[in-house]
Amino acid sequence: MADPPLQRLARLYGVQAVHRDGFRQDRYPEREALFAVLRNLGADVAKSEDVPREVRRAEIERWERISDPVSVSWVGQGSVPERERVSLRLRLPISLQAERLDVSIKNESGIQRQISAEVRRLPCSRKVSVHGRRYAVVELPIDGPPIGAGYYRYRVRVSGHESGGLLIRAPRACCDLKRGWGAFAPLYALHSRNSPGVGTFADLSKLTAWLGSLGGGFVSTLPLLASFLDEPFEPSPYMPVSRCFWNELFVDLPSVPEWSPEFGGIGDAPAGPHIDYRGLMRGKRAALEKALARLGGQRQETFARFAERHAELRAYAAFRAGLERGLGELPEFTLRDPACAYHAFAQWIAEEQLNALAERAAEDGHQLCLDLPLGVHPRGFDSHRHADIFSQGIAAGAPPDRFFSKGQNWGFAPINPRLAREHGHAYFVACIRHHMRLAGVLRVDHLMGLHRLYWIPEGFGGDQGVYVRYPAEELYAILCLESQRSDTAVVGEDLGTVPGYVRQRMADHGLRRMYVSQFEYSGDRKPPYNAPTRQSVASVNTHDTAMFASFWTGRDIDDQASLGLLDDDHADDARKRRKRLKRALLSHLRKLRLIGGGQPAADAVLRACLTTLGASQAECVIVTLEDLWGETDPQNTPGTDQERPNWTRRARLSLEQIQADRGVVSALTGIERARRSAEQD
């Protein structure tokens, strides 16, 4: 795109006028796609003639604002932290040099301090001229008692000009991750004698304790957030109703004091391999409603106080109640409204059970590992409650790569970074806190979204998107601050098309990266994979990749080709590369004496691969439980919606069968031995 004014406008709004896709090919978005994204970000452009005017307006607007909406100051960046000088960077017209400015700054407790200074006495880092107007960039020291880690709101006033913002004082790094290993299992796929239809928080607790008895430190699972399991129906854990409320489908009814067996809600195991979400949710809701009707005494008072203390809960319950009734306007929350009361009660019970789960895990030296999805359902609570920061007419996605040659459209609206900054990233903070209150480890989906996100305007294909930049430093500061406050380690999902600078920033701020063997294996080098680094969480696969048995036989490639996710040329190339990969990997594993001669079964190769991961430097190793009994069907096939019943497959083995299966136990104890052996070396 040889259009300097449009390139300038794109830079001003954090839009990339060119990007590199997964095939390492430069892509230049169509002009209309760029215009659509720029309009969404606030630029008034409909045609090329509008661009110069908008460039001028954006540049003046930026310099006329005294301070950015959000600023970051890192704790410990000086030689003596307690004596650190904290300052605010301000942009002021040169004409105000002789004026005096006043600043009020307030901490999270509401304690406020006042600062005054003469503009001409402030250190000036540079002076610029913008469209005939002259400005100076100055630093205002925040004198007085030390400014500790936290969030600070401030207002700056000078000669009729006024501006405000949020100062984030944050430690430079997130909490450390404990070395160890764990297992991955979607909670919805689990089932047990006490809950034959779907896994519960009690099942997750039992699995965590059992894994701990074998030496494991945690169970990793998919997001446990509220979902639409009636209408609109959307079972994907990555398309939740909200990122700040839990999915009551996972409530363990026998653990609810008011529940009685005659209320039902547990049900029999479905006949087929897939979960009947609608039926199970109807039964569980009916049982919870009966339990609510029995609520009384001290428990009823505790519940009422819980609802009274949480304004967002009341808004959420009213939203769900109004949506169920098809109301244009949401009802006012009251516990006398059965639907409002149900949704508030369900969240209260879920909170009780998850808190108990986290406490038991901590007492046993284990951790609750939660997953924060990138987006939310476009008709969900968050999209309604925070409609002013979600981009309309835009979908998030990913550019073409060798796994999805047509790109991906994920179907949910991205957050507008400019508007989110104006709100001090309050929504992001709320989502992080909701999870870190309970989690010892938090996996952040699509970590690159802290830096940039692929926007696909309505009417354009997955290969015609545009990258929009996000204020990464501010979002990292929030993660680091909340991580240290809650003692929660952070793992970033950094798979796919990820620039090198993203992983460097992750390392700088103590976020652990993901190492997935399926992406690291190669038949074109020796050894056939790069070993995982120390600050990583290693696994053979993820919920978005093929099960190992399918990967080893090449069934996953055939599947993607049949679905049209890979064209014929790319599918043929993938099969050739897979053949070379298998040959090189087998040769390497034989040299390590982890497998014998001949053509070993997929199970034997999997055990050998897990042993190499267990013996690696990686801080954590995760094994997918379903791999251990040779499952071939994935829980999710990215890029499919109607084609596949994603997120619905039940595990072939029940919780009791998993614990009794000798092959499963043998594989897990093998990982424990490999981990211990690596620690001793």
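Bear in mind these aren't lab numbers, they're just calculated from the coordinates by the rules spelled out. Nothing here was measured: the structure is a model prediction, and the numbers come from that model. Here the Cβ is made from the backbone with ideal geometry for all residues, glycine too, and neighbour counts use every protein chain on show.
222 nm [θ] for the chain, helices only, -39500 (n - 2.57) per DSSP H run of 4+, per residue, to 500?
Only helices count here, giving -11000 deg cm²/dmol.
Just the number, please: percent antiparallel of the DSSP beta bridges in the chain, rounded to the nearest 5. Walk me through the numbers before you get to the answer.
Details: 52 of 87 bridges.
In the chain, approximately 60 percent of DSSP beta bridges are antiparallel ones.
What FRET efficiency, computed as 1/(1 + (r/R0)^6) with R0 = 60 Å and r the Cβ-Cβ distance, is obtained for residue 48 and residue 526, rounded to the nearest 0.05?
Numbers: r = 53 Å, r/R0 = 0.88.
Computed FRET efficiency for residue 48 and residue 526: 0.70.
In degrees, nearest 10, range 0 to 90: what is the angle between the Cα axis of helix 311-325 and the longest Cα principal axis of the chain?
Value to nearest ten degrees: 60.
Residue-wise, which Karplus ³J(HN,Hα) couplings in Hz belong to region 162-169, taking 6.51 cos²θ - 1.76 cosθ + 1.60, θ = phi - 60°, and x for glycine or proline?
8, 8, x, x, 10, 9, 9, 9
Full-extension gain between residue 39 and residue 85, please, as 0.36 nm times their residue separation minus the C-alpha to C-alpha distance. Intermediate values should be presented prior to the final figure.
Working: separation 46, 0.36 × 46 = 16.56 nm, distance 3.97 nm.
Here the segment from residue 39 to residue 85 would lengthen by 12.6 nm.
Which three semi-axes in whole Å describe the equivalent ellipsoid of region 314-364, each the square root of 5 times a Cα gyration tensor eigenvalue, listed largest first? Write out the running numbers ahead of the final one.
Working: eigenvalues 185, 17, 10 Å².
After diagonalising the Cα gyration tensor, the semi-axes are 30, 9, 7 Å.
Counting only C-alpha contacts under 8 Å and six or more residues apart, can you give the relative contact order of the chain as a whole percent?
Numbers: 1258 pairs, mean separation 101.1, N = 681.
That works out to 15 percent.
Taking the alpha-carbon centroid of each part, what is the distance from region 302-359 to region 98-170 in angstrom?
Here the two parts' Cα centres lie 41 Å apart.
For the chain, what is the number of Lys pairs with C-alpha distance below 25 angstrom, counting only pairs 8 or more positions apart or on separate chains?
11
For residue 395, list long-range residues whose amide hydrogen, built 1.01 Å from N in the peptide plane, is under 5 Å from its own amide hydrogen.
Placed amide hydrogens put 456, 458 under 5 Å from residue 395.
Amide H neighbours of residue 72 under 5 Å, at least 5 residues apart or on other chains, H built in the peptide plane: list them.
Placed amide hydrogens put 168 under 5 Å from residue 72.
Considering the Cα positions of region 156-219, please state its Rg to one decimal place and its Dmax as a whole number of Å.
Computed over the Cα atoms of region 156-219, radius of gyration and Dmax are 23.2, 72 Å.
Can you compute the charge dipole magnitude of the chain about its Cα centre, using +1 on each Lys and Arg Cβ and -1 on each Asp and Glu Cβ, nothing else charged? Give it in debye, rounded to the nearest 20.
On the way: 90 positive and 85 negative charges, 447 e Å.
Taking the Cα centre of the chain as origin, the dipole is about 2140 debye.
Against the empirical 2.2 N^0.38 Å scaling, what ratio does the C-alpha Rg of region 625-681 come to?
Working: Rg = 15.7 Å, N = 57, 2.2 N^0.38 = 10.2 Å.
This ratio for region 625-681 stands at 1.54.
Using only alpha carbons, build the gyration tensor for region 77-171 and give me the equivalent ellipsoid semi-axes, biggest first, whole Å. Mind dumping the intermediate values first?
Working: eigenvalues 126, 47, 28 Å².
The three semi-axes for region 77-171 are 25, 15, 12 Å.
Would you please name the trypsin sites (Lys or Arg not before Pro) within region 14-71 that are DSSP coil residues with at most 12 other C-beta atoms within 10 Å of their C-beta? Please report the intermediate quantities before stating the final value.
On the way: sites: 20, 24, 27, 31, 39, 47, 53, 56, 57, 62, 65; in loops: 24, 47, 65.
Hits after loop and neighbour filter: 24, 47.
How much net charge surrounds residue 388 when only the other residues with a Cβ under 13 Å from the Cβ of residue 388 are counted, with Lys and Arg +1 and Asp and Glu -1? Don't skip to the end; give the middle numbers.
On the way: positive: 385, 418, 421; negative: 382, 422.
Charge balance near residue 388 sits at +1.
Using alpha carbons only, how many degrees (0 to 90, rounded to 10) separate the axis of helix 338-363 from the longest principal axis of the chain?
80
For Cα pairs less than 8 Å apart in space and 6+ apart in sequence, what is the mean separation divided by the residue count of region 251-355, i.e. the relative contact order in percent? If you can, show how the numbers build up before the last one.
Numbers: 93 pairs, mean separation 27.0, N = 105.
This gives 26 percent for region 251-355.
How large is the translational diffusion coefficient of region 251-355 in µm² per second when you combine the Kirkwood radius over alpha carbon pairs with Stokes-Einstein at 10 °C and 1.306 mPa s? Mind dumping the intermediate values first?
Values: Rh = 14.7 Å.
Approximately 108 µm²/s, per Stokes-Einstein.
What is the set of long-range amide H partners of residue 443 at a cut-off below 5 Å, with H atoms built 1.01 Å from backbone N?
HN-HN under 5 Å from residue 443: 370, 371, 372, 491.
Work out how far the C-alpha atoms of the chain reach from end to end along every principal axis, then list the three figures in whole Å, largest first.
81, 69, 53 Å, listed from the longest principal axis down.
Would you mind checking the tilt of helix 277-294 against the longest principal axis of the Cα atoms of the chain, expressed as 0 to 90 degrees and rounded to 10?
80
What does the charge count around residue 210 come to, taking other residues whose C-beta lies under 15 Å from its C-beta (Lys +1, Arg +1, Asp -1, Glu -1)? Mind showing how you got there, number by number?
Details: positive: 193, 206, 360, 662; negative: 203, 364, 656, 661, 672.
Here the count lands on -1.
Can you give the local net charge around residue 525? Use residues other than it whose beta-carbon is closer than 14 angstrom to its beta-carbon, Lys and Arg +1, Asp and Glu -1.
Numbers: positive: 526, 577, 580, 583; negative: 520, 524.
The answer is +2.
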